[in-house]
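Worksheet for the structure shown next.
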Amino acid sequence: MKLTSTSLYLRKWKKPLWFSFSLLSALSMVLLLSAFQDKSLSPEVYWHWVEDTDNGLKTIQRTTDFEWSLQYRPAPYIALQELRTFAPHSRDFEEKVAELKGLDYYTLRIRSLQNKEVAATNAEGEDDFFARQHYLSSYFAEDLQLVDGQDTLPCALFHFERNYSLAPYNDVLLAFETQANAEGNKRLLINSPVLETEPLVLEITAEAIHNLPDLKL
């Protein structure tokens, strides 16, 4: 068999080992960058990602009588909740997200460690119980502030959800005005003499919010 000059050249040239390693490294880097760039999640996966405490959008602390959890609620998460489906029509979904602009939303859950309704915990009789219910529904908002960067904000929206003794916790829906240039962590300050919070600070980091993936319909 007669070898041409081209085939002789190819036989003489051997691919160096560093070339193979470099090629593999380059391919690995491309795959890794693609994984980081594609942060879109399906609606159901997105929903569970937001609620996973490992992702930093939910924080939990305990005091003597209560467990306190603060859940940051991004607009797409709320839209899925209000539309009650993981397969929303894109137009309905976009309209709902647009309606939510201008505010940052949270759910504060207060769980009694005495396995009672929150207002019943440490209540001294029926009158005290109803006084605590009235405080939680009407005045508790005055004892809540959000420190967002350099700004300290009052509640823009507040709703205390009663559960009529069906569970040992109550949810409080909160919203605060979005601060355009705020880049720091978001800290909810709870200074309630009725619930003896001392005060309490629940914090969601700016990094956790920045790492929030996109939702892909």
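Bear in mind that the values in this text are calculations on the coordinates, not laboratory data. Keep in mind that what you see is a predicted model, and the values were worked out from it rather than measured. Heads up, the Cβs are rebuilt from the backbone with ideal geometry, glycines too, and the neighbour counts pull from every protein chain shown.
The order of the peptides 88-101, 108-121 by mean Cβ neighbours within 10 Å, most packed first, is 108-121, 88-101. For the stretch 40-215, a Kirkwood hydrodynamic radius built from all Cα pairs, placed in the Stokes-Einstein relation at 10 °C and 1.306 mPa s, yields a translational diffusion coefficient of 92 µm²/s. Computed 3J(HN,Hα) for the stretch 153-163, one whole-Hz value per residue from the Karplus formula 6.51 cos²θ - 1.76 cosθ + 1.60 where θ = phi - 60°, is 10, x, 5, 8, 9, 8, 8, 8, 8, 7, 10, glycine and proline marked x.
Can you put 158, 130 in order of Cβ neighbours within 10 angstrom, beginning with the fewest?
Details: 158 17, 130 12.
Result, fewest neighbours first: 130, 158.
Using a 7 Å offset from Cα along Cα-Cβ at residue 134, what residues in the stretch 164-200 end up with backbone N under 18 Å from the label point? What the label zone holds, given the 18 Å backbone N cut-off, is 193-195.
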